[in-house]
Amino acid sequence: MSADQALDLNIAELPPVERYKLLIGLVIPRPIAWVSTVNEQGVANCAPFSFFNVFSEDPPLCMVSFNRRSDGKMKHTLANIRRTGEFVVNLVDEATANAMHLSSHEYEEDESEFAKTGLTQAPAKLVRHPRIAEAAACLECKVERRLEYGSGREMVIGEILLVHARAGVIDPVSKRVSEEHYKPIGRLFANRYCTTRQRFNLPGELPE
Ligand SMILES: Cc1cc2nc3c(=O)[nH]c(=O)nc-3n(C[C@H](O)[C@H](O)[C@H](O)COP(=O)(O)O)c2cc1C
C-alpha cells in the first residue's frame, strides 16, 4: 500500500464486496443494535446489526438495515419484525460483547441464540418480543416504516416506545447516562470491535 498517494474511488466502479469493505472500514465505530425477537413458534432470536443508528428524538426514531442470510433467505430477525411490526434493540456493552458476537452465527429457525449463548430472556413492557436480560439497556420499538432496496436490502425504521436500563445505567432524576456504569462497545469491521474507554473533552461550551 502506498501511504503517500491520495485516492479517489468512484463507488459505482467497485464491486459490492469492495464497497462493503470500504464503507464499513471507514465509517467506524458503528453502534450495534442487538435485536431480540420471537418467531411464530415461540423461539426467541437475537442477532447483532451494525448498520444501525438513532436519528431523531422528536419523533424518537432508529433505523436498522438487513441483507440476506448466506442461503439467500430473509434474516429471521427481519421476518419476525415484518410479522409483528415490533422489535427490541438491546445495546451491547463490554460484558455482553462475546455473547453478541456468538449470536451472529446463522442458527436454524428452531434454534434459539439465547440458549446457544447462555442469555436470559426478560419480558419487554410494550412489545411482545423478549429483551435480553443481560443487556445494559434496550429500546422497545414499533415499526414506523420499512424501505426495500432491490430484493436483498431492507431498512426498518423503528419508533422507540420505551427505554429500559439496567440499574445504575441511567440516573432516575437527571436521566443522565452513567459513564461509569455504561461501557458500550462499537463495531469496526470483521471480528474487530472497540471500547469507549478513552473519552476526552474539547474546550468551549455547547448548548445541552
Ligand atoms: C457486529 C455485527 C454486525 C452485523 N451487522 C449486520 C447488519 O447491519 N445487517 C445485517 O443484515 N447483518 C448484520 N450482521 C450479521 C447478522 O448478525 C447475522 O446474519 C445473523 O445470523 C442474523 O441472524 P437472524 O437470521 O437470526 O436474524 C452483523 C454481524 C455482526 C457480528
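No value in this document is a laboratory result; all are computed from the given coordinates. What you are looking at is a predicted structure, and each value in this text was computed from that prediction instead of being measured. Positions of Cβ are backbone-derived with ideal geometry, glycine not excepted, and every protein chain shown enters the neighbour counts.
Separation between the E109 and Y149 pseudo-spin-labels, each 7 Å from Cα along Cα→Cβ, expressed in nm?
2.8 nm
With just the Cα atoms defining each centre, how far is the stretch 20-37 from the stretch 117-150? Give it in Å.
If we compute the Cα centre of each part, the gap is 18 Å.
Of the DSSP beta bridges with both residues in the stretch 31-188, give the percent that are antiparallel, rounding to the nearest 5. The partial results should precede the final answer.
On the way: 45 of 45 bridges.
Around 100 percent of the beta bridges assigned by DSSP in the stretch 31-188 are antiparallel ones.
Divide by every residue of the chain the summed helix terms, -39500 (n - 2.57) for each DSSP H run of at least 4, and state the resulting mean residue ellipticity at 222 nm, rounded to the nearest 500 deg cm²/dmol.
-4000 deg cm²/dmol, from helical runs alone.
Highest first, please rank the peptides 155-165, 181-191 by the mean number of other Cβ atoms sitting within 10 Å of their residues.
Values: 155-165: 18.3, 181-191: 16.3.
The densest-packed peptide leads the list: 155-165, 181-191.
Using a simple charge model, +1 on the beta-carbon of Lys and Arg, -1 on the beta-carbon of Asp and Glu, nothing else, what dipole does the chain show about its Cα centre, in debye to the nearest 20?
200 debye
Is the shape of the stretch 105-167 best called rounded, prolate or oblate, per the rule: a/c under 1.5 gives rounded, else a/b larger than b/c gives prolate, else oblate, with a ≥ b ≥ c the square roots of the Cα gyration tensor eigenvalues?
Oblate.
If R₀ is 35 angstrom, what is the calculated FRET efficiency for the pair V27 and V173, using the beta carbon separation as r and rounding to 0.05?
Efficiency for this residue pair is about 0.50.
Beyond a 32 Å Cα-Cα separation, which of these cross-linked pairs lie in this structure: K116/K183; K142/K175; K75/K183; K75/K175; K73/K125?
Violating the 32 Å Cα-Cα cut-off are K75/K175.
Whose amide H sits under 5 Å from the amide H of E86, counting only residues 5 or more places off or on another chain, with H placed in the peptide plane?
V143
If you build a Gaussian network model of the chain, linking Cα atoms that sit under 10 Å apart, which residue out of R197, R30, R82 swings the most?
Among R197, R30, R82, the largest GNM mean-square fluctuation belongs to R197.
Subtracting the Cα-Cα distance from 0.36 nm times the residue separation, let me have the gained length for R69 to E13 in nm, one decimal. Intermediate results must be reported in sequence, preceding the final value.
Working: separation 56, 0.36 × 56 = 20.16 nm, distance 2.52 nm.
Once the chain is fully extended between R69 and E13, it gains 17.6 nm.
Under 1.5 on a/c is rounded, so check that first for the chain, then, if it is not, pick prolate when a/b is larger than b/c and oblate when it is not; a ≥ b ≥ c are the square roots of the alpha carbon gyration tensor eigenvalues. Please list the in-between numbers first.
Details: a/c = 1.57, a/b = 1.08, b/c = 1.45.
Oblate is the answer for the chain, as a/c is 1.5 or above yet b/c matches or exceeds a/b.
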